[in-house]
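So the structure is just underneath, and the comments pick up after that.
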Amino acid sequence: MKIITPDPPLIIAHPSLSKAHAMNHASDMLRCVQVAADEFGESLDGPARQKMLCILHQIEMISAMVDHSLSV
């Protein structure tokens, strides 16, 4: 029987990166992704647009959770 091992991550955060700094960076990156998805969604129609709006909604929810964790 073959043992399946997961692929290693492509990007790893530097060990000295603080959790607060990492969360701030994640929040900034989510805003950039949100803008890109919103602009890209404007160029789509039909089911593709609906899928992009669903993705955008998920990005907004993740961003809200990250921002909330930074404010606590």
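Here are some notes:
- Pairs are defined by a Cβ separation below 7 Å, a sequence spacing of at least 6 or placement on different chains, a first member in region 1-22 that is in contact (Cβ under 8 Å) with a residue 60 or more places away in the chain and within 18 Å of L70 (Cα to Cα), and a second member that is part of a loop (DSSP other than H, G, I, E, B) and not acidic (D, E); no pair meets this definition.
- Residue within region 54-72 that is touching a residue at least 24 places away in the same chain (Cβ under 8 Å), surrounded by 11 or more Cβ atoms within 10 Å (Cβ to Cβ) and polar (S, T, N, Q) present: yes
Laboratory data are not the source of any read-out in this text; all were calculated from the coordinates shown. None of these values were measured; they are calculated from a predicted model. In this analysis, Cβ positions are derived from the backbone assuming ideal geometry, glycine residues included, and neighbour counts consider all displayed protein chains.
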